[in-house]
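> Structure below; questions to follow.
The values are calculated or read from the model by the stated rules, or taken from the named source; none is laboratory data. Treat the numbers as computed from the prediction; the structure is a model and nothing was measured. Note that we place each Cβ from the backbone using ideal geometry, even for glycine, and neighbour counts take in every protein chain shown. Ligands, DNA and RNA are excluded from the accessible area calculation, which covers all protein heavy atoms including side chains. Shrake-Rupley method; radii C 1.70, N 1.55, O 1.52, S 1.80 Å.
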Amino acid sequence: MKFIKQFFYGLSIVGMLILSVMCKDEKKKEVTQKIKKVSLEKNEFGTTPDGGKVDRYTLKNSSGMTVDIITYGGIITSIKVPNKEGVLEDVVLGYDNLDQYLESSPYFGAIIGRYGNRIAKGKFSLDGTNYSLAINNGENHLHGGIKGFDKVVWKASEETGENFAALKLVYVSKDMEEGYPGSLNTTVTYTLKEDNSLDMAYEATTDKKTIVNLTNHSYFNLSGDFSKTVLDQVLSLNADKYLPVDNTLIPTGEIADVENTPFDFRKPTSIGSRIEADDDQLKKGGGYDHCWILNGQDKGHRLVGTAYDPASGRVLEVFTTEPGVQFYSGNFLDGTLPAKLGGTYKKRSGFCLETQHYPDSPNQFDFPSVILNPGETYSSKTTFKFSAK
Ligand code: GLA
């Protein structure tokens with residue numbers, strides 16, 4: 001009897017031991033899987049004419065969303081997200097290789113700096129000192145100048161956690177680069193998360209009083225079919241006002257109500273429904289190419305706009321800390337640039353939602369300030385969040 005008792009006792013101990021080892025193994029597996037939810041991979045993408053090595057990073061989450069970013073210009077070259085049937089397709093315009101980006105790009109997917117948008121005649125002054133920036137858009141300065149942040153190679157580092165993968169890009173712009181005062185130390189961090197959102201966090205510091213206005217210039221076509229225009233895609237913008245412009249797309253200084261104009265996107269409206277309306281501002285922009293004054297400026301990082309493609313069901317929500325957004329309807333695309341999946345990018349085959357401070361702010365004293373002083377940190381955050389319905 002005693003022997004039988006001891007036998008079963010021994011057996012149960014061995015059983016418990018086996019069970020605990022198995023559980024540990026399961027836990028281990030779970031942890032490794034957790035760590036692997038969002039991954040990051042690095043590949044060579046090419047070399048710039050002056051010998052700069054360019055890498056491409058692919059961020060991927062467990063639902064299959066991928067974001068490709070290259071270190072040249074911090075350019076987002078691809079964002080693949082599911083449609084309502086779960087089919088992954090690329091929803092941003094761009095190119096297949098580095099040479100095409102080097103040759104000519106209308107800022108496809110790039111980081112824009114030091115100043116996103118236009119500064120009238122490239123001139124501004126700070127504390128009585130006049131500055132003249134590079135002129136690259138008619139008589140004006142646009143998107144940081146001739147060699148802006150979209151055309152430099154950024155230094156990359158990676159960070160991954162249980163539910164995110166991040167790519168941190170750093171660039172130090174020299175004092176007087178493109179005419180801007182101060183050495184500007186800039187960091188842009190792209191973070192892909194499990195909820196199909198991509199965060200862009202911008203930070204900058206300077207050693208001299210200067211101006212900064214950073215953004216990203218992705219062109220979206222939520223259909224995933226670049227041969228289509230975006231005119232049927234539906235936009236809403238949480239903005240009661242916008243900035244009318246002159247013939248050179250510089251704000252006149254007037255802050256206009258969107259009410260009863262083709263600029264009212266407070267209710268979801270297709271991009272194409274009013275784009276050809278007989279409207280002086282639409283004529284000046286050749287379509288939409290204006291800055292909307294976003295509501296809720298005291299609310300920090302908030303939902304400011306939503307784009308929806310009824311055919312694929314894809315939805316893009318844009319959150320930002322910025323006071324404005326330049327909604328550009330791809331009016332200058334003219335069918336000459338080669339598209340990623342073959343063919344060319346025709347007029348209005350992509351739209352941009354460039355979160356930012358207002359154009360020409362250094363010369364318009366009623367606009368929110370874009371001045372950065374030594375000792376301060378410029379900081380801005382925008383999120384592109386995708387879903388389907
Ligand atoms: C911005 C400008 C447009 C155009 C594009 C690039 O969105 O506002 O006018 O310059 O960039 O083509």
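> Identify, from the list 282, 303, 294, the residue that is of a type outside the set (Ser, Thr, Tyr), more than 12 Å from the ligand (Cβ to nearest atom), touching a Pro at 6+ places or on another chain (Cβ under 7 Å) and closer than 21 Å to residue 386 by Cα.
Values: 282 fails: closer than 21 Å to residue 386 by Cα; 303 fails: touching a Pro at 6+ places or on another chain (Cβ under 7 Å).
The unique qualifying residue is 294.
> Still on this structure, please answer the following. All but one of (1) touching a residue at least 40 places away in the same chain (Cβ under 8 Å); (2) under 22 Å from residue 110 (Cα atoms) hold for residue 368; state the number of the condition that does not hold.
Looking at each condition in turn, residue 368 falls short on (2).
> For region 136-183, which positions are within 14 Å of the ligand (Cβ to nearest atom), out of contact with any helix residue (DSSP H, G or I) (no Cβ under 8 Å at 6 or more places or on another chain) and part of a loop (DSSP other than H, G, I, E, B)?
136, 138
> Does any residue of region 366-383 turn out to be within 19 Å of residue 231 (Cβ to Cβ) and not basic (Lys, Arg)? Lay out the reasoning, then the answer.
From region 366-383, those within 19 Å of residue 231 (Cβ to Cβ) are none; that's our starting set.
For region 366-383, residues within 19 Å of residue 231 (Cβ to Cβ) and not basic (Lys, Arg): absent.
> How many residues, within region 78-102, are closer than 26 Å to residue 137 by Cβ, open to solvent by 10 Å² or more (accessible area, probe 1.4 Å) and hydrophobic (A, V, I, L, M, F, W, C)?
1
> While we're looking at this one, here's another question. Would you point out which residue out of 381, 385, 347 is farther than 27 Å from residue 297 by Cα, within 22 Å of the chain's Cα centre (by Cα) and either in contact (Cβ under 8 Å) with a residue 12 or more places away in the chain or in a loop (DSSP other than H, G, I, E, B) (or both)?
Numbers: 381 fails: farther than 27 Å from residue 297 by Cα; 385 fails: farther than 27 Å from residue 297 by Cα.
Criteria check complete, one pass: 347.
> Which condition does residue 271 not pass, out of (1) away from the ligand (no atom under 16 Å from the Cβ); (2) closer than 20 Å to residue 79 by Cβ; (3) buried (at least 20 other Cβ atoms within 10 Å of the Cβ), if it passes all the others?
Residue 271 satisfies every listed condition except (1).
> Read through the list (1) more than 14 Å from the ligand (Cβ to nearest atom); (2) surrounded by fewer than 16 Cβ atoms within 10 Å (Cβ to Cβ); (3) of a type outside the set (Gly, Ala, Ser), then give the number of the only condition that residue 332 fails.
All conditions are met except number (1).
> Scanning region 279-299 for residues that are touching a residue at least 40 places away in the same chain (Cβ under 8 Å) and among the aliphatic types (A, V, I, L, M), which turns out surrounded by the fewest Cβ atoms within 10 Å (Cβ to Cβ)?
Going through the qualifying residues, I end up with 293.
> Could you run through region 109-130 and say how many residues are within 14 Å of the ligand (Cβ to nearest atom), over 29 Å from residue 68 (Cβ atoms) and not in a strand (DSSP E or B)?
Final tally of qualifying residues: 1.
> Since residue 133 meets every condition but one in (1) under 20 Å from the mean Cα position of the chain (by Cα); (2) more than 15 Å from the ligand (Cβ to nearest atom), which condition does it not meet?
Condition not satisfied by residue 133: (1).
> Then there is this: Specify the residue that is surrounded by the fewest Cβ atoms within 10 Å (Cβ to Cβ); the eligible residues are those in region 335-389 that are closer than 17 Å to residue 92 by Cβ and touching a His at 6+ places or on another chain (Cβ under 9 Å).
383
> For region 110-130, indicate whether the set of residues that are aromatic (Phe, Trp, Tyr) and either farther than 26 Å from residue 327 by Cα or free of Cβ contacts under 8 Å to residues at least 12 places away in the same chain (or both) is non-empty.
Applying the first criterion (aromatic (Phe, Trp, Tyr)) to region 110-130 yields 115, 124.
Narrowing further to those that are either farther than 26 Å from residue 327 by Cα or free of Cβ contacts under 8 Å to residues at least 12 places away in the same chain (or both): none.
No.
> Looking at 63, 20, 105 in this structure, which one is modelled with pLDDT under 95, open to solvent by 20 Å² or more (accessible area, probe 1.4 Å) and under 30 Å from residue 311 (Cα atoms)?
Values: 20 fails: under 30 Å from residue 311 (Cα atoms); 105 fails: modelled with pLDDT under 95.
None of the others qualify; the one that does is 63.
> Among what's in region 95-119 and is touching a strand residue (DSSP E or B) at 6+ places or on another chain (Cβ under 6 Å) and of a type in the set (A, V, I, L, M, F, W, C), pick the residue that is nearest to residue 359 (Cα to Cα).
119
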